Amino acid sequence: MSLRLPRFRRFSLRLLTLLLGLLFAALATTYLLVSRANQSNALAHSEQNLELGARIFDEATRQRVEFLARSASVLSGDYAIRQVLLAEHPDARTLGSSLQSYTGRVGAPVIALFDSDQQLLANSDIAMDNENRGPFAYLIQLATRDGLPQASGFAYLNRELHVLVVVPLYAPYPEIAAWFGLAFPLDHAFAQQIKNTTRLDATFVSTQDVARPRVLASTLPAREAGLVAQAVRDNHRAQNRLGILELSGERYVTLFKSQEMLGDEPVAVVLQRPLSAELAQARELENFILLISLAALAIATVAALWIARGVSQPVRVLAAHTRLVAAGDYTQQLDLRREDELGQLAAAFNQMTLGLAERDRVRDLLGKVVSPEIAAQLLRSEVRLGGEEREVTVLFSDLRDFTALSEKLPPAEVLALLNRYLDRMSAVIERHGGVIDKFIGDAIMALFGAPMASPDAAGQALAAARGMAAALAELNRELVAEGRPALAIGVGINTARVVAGNMGSKTRLNYTVIGDGVNLAARLEALTKETVYQTQVITSEATVRAARNAGPVRALGNVTVKGKTEAVAIFAVEA
């Protein structure tokens, strides 16, 4: 169906899709960032509430212990109990009845009385047998050993969690006649009290059997409380650990708090808050942002359609002209007679096209006048006179008896033959990493190691010389087959420190190298004319030493070249 739409509508739809996509991405990103921030804040707030809830739990149990201790002190001063207790044969039933009368007044369902030997004399809970005296006995021993006015802790009584406190009964002080032991259950009612205070669900889990933890009390339904017990089993070694626990599809921010027991495995106190409760207000903000985003998308759709109608035509023209420029056609000019930004863009585009055409023309011309490496060096760096000292290998080559050959041929044929020869030699030099510095008639000056440094410039120059000899042999076979005379060359190579850079005047310059080492390379090339050496390639000792692999060379002895006073060791480069 889209193929039948006019080109304008197709472009408008593409532009509309792009704009709406960008807007949707921005709105979606904003929504996600806000949602993530809300969730992070909710987690942080929940964790703070849980830590506060843990402190409230500790404070509630501490206050309960203090209340029980005060109640025990009241009991220790009760005249009736003291009379019965201090009698020669105290009656356990009478003591038990008295203790039962105090359970409601002191808010402690369990009140026990022990003698100085920690034996149970009486208690208010007939269900509590002598087996439950162990935690009280432990607290009595602790208070006696350390001389404490009271001792408290957490323990199981009849398999239920309690907080215990023991207080001595003096008759008179400091003689201890008996001990009062009071216990308060940490049951469902206490868990609900924690929830009413902190708005956190509380679950107490026994870990006496690590493989099968038991729920002691919880504000959660039985199924969810069982899942909490399973989580305690999986994390029974974790203490005061925060995390996320999923219960029946609801995510709870959970704090596992370990509560030490008297002579038993710790009890896990698990405090939780549903994450949805913390996120409730944040969700309202997210829904509001979502509505604003939908409205913005609708407005953007209308605006994008209107904008697309105004820009589709000139954009199509610009796109078509861009394809022409990308293909290298700089002859076309844009004709957008508009006064707005698109018209200014078209004018700037035309200027850019002219600049690109001029740049390519200059590059093409520069690449033909000098080597591509030198052209790149000139384009990269600031063009100015001067140079730098560096080690370079210089190669000079020259055709033998070319002047005599030129006299026998028409100028056009001489030029064609010379270009044919230079083309072959240049290809070999460049293939071996050399740079053509200049052509001097039928002579070639090439550089290795400049303008770009090379780790084995000397070796490349020697390889290039052997390649030139091989290429010349192939060219001569072609010339002989054409009935033309064969050519001969001489090559001189030297490695030395020279000055490389731009030489000439302020208005006309040339990248080259100068120095005594350059002159020596030219002199060595001239020595190849001497028949005594029987070689067409002569190199200096410096080049042979600098080359990583000089290849086969033949020593020619020492020679004093023209213009130098010291003899130079030279070598013939063999194929």
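The values are calculated or read from the model by the stated rules, or taken from the named source; none is laboratory data. Please read these numbers as outputs of a predicted model, since none were measured by experiment. Because the Cβ atoms are built from the backbone with ideal geometry, glycine has one as well, and the counts that use them run over all protein chains shown.
One table, with the values for the structure above:
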| item | result |
| --- | --- |
| Filter pass, A542 being over 27 Å from T403 (Cα atoms), of a type in the set (A, V, I, L, M) and in a helix (DSSP H, G or I) | yes |
| Any hit, the range 522-531, residues being outside any helix (DSSP H, G or I) and small (G, A, S) | no |
| Test result for G134, touching a residue at least 40 places away in the same chain (Cβ under 8 Å) and either farther than 12 Å from A183 by Cα or part of a loop (DSSP other than H, G, I, E, B) (or both) | yes |
| Of residues in the range 100-121 being farther than 20 Å from A143 by Cα and at pLDDT 75 or above, the one surrounded by the fewest Cβ atoms within 10 Å (Cβ to Cβ) | P109 |
| Top-ranked residue of the range 217-264 - restricted to ones that are modelled with pLDDT under 85, surrounded by 13 or more Cβ atoms within 10 Å (Cβ to Cβ) and acidic (D, E), ranked as farthest from Y156 (Cα to Cα) | E250 |
| Unique match (being surrounded by 20 or more Cβ atoms within 10 Å (Cβ to Cβ) and touching a helix residue (DSSP H, G or I) at 6+ places or on another chain (Cβ under 6 Å)) among A546, A569 | A546 |
| Selection status of L169, surrounded by 15 or more Cβ atoms within 10 Å (Cβ to Cβ), modelled with pLDDT under 85 and at negative phi | yes |
| Filtered residues of the range 434-454 (kept if more than 17 Å from T393 (Cα to Cα) and either outside the structural domain of L395 (by TED's automatic domain parsing) or surrounded by 20 or more Cβ atoms within 10 Å (Cβ to Cβ) (or both)) | D442 |
| Residue within the range 177-188 that is part of a helix (DSSP H, G or I) and surrounded by fewer than 24 Cβ atoms within 10 Å (Cβ to Cβ) present | yes |
| Residue that is surrounded by the most Cβ atoms within 10 Å (Cβ to Cβ) [pool: residues in the range 130-166 that are aromatic (F, W, Y) and under 17 Å from D117 (Cβ atoms)] | F136 |
| Single unsatisfied condition, E530 versus (1) modelled with pLDDT of 90 or more; (2) touching a helix residue (DSSP H, G or I) at 6+ places or on another chain (Cβ under 9 Å); (3) more than 18 Å from A458 (Cβ to Cβ) | (2) |
| Residue that is in the same structural domain as L479 (by TED's automatic domain parsing), touching a Leu at 6+ places or on another chain (Cβ under 7 Å) and either crowded, with 20+ Cβ neighbours inside 10 Å or farther than 17 Å from N494 by Cα (or both), where the choices are R424, R431 | R424 |
| Odd one out for A143, checked against (1) free of Cβ contacts under 8 Å to residues at least 40 places away in the same chain; (2) assigned to a loop (DSSP other than H, G, I, E, B); (3) touching a Phe, Trp or Tyr at 6+ places or on another chain (Cβ under 9 Å) | (2) |
| Output for the range 265-295, where each listed residue is at pLDDT below 75 and among the polar types (S, T, N, Q) | Q281, N287, S293 |
| Answer residue from the range 201-224, given it is without any contact (Cβ under 8 Å) to a residue 60 or more places away in the chain and acidic (D, E) and is nearest to T254 (Cα to Cα) among those | E224 |
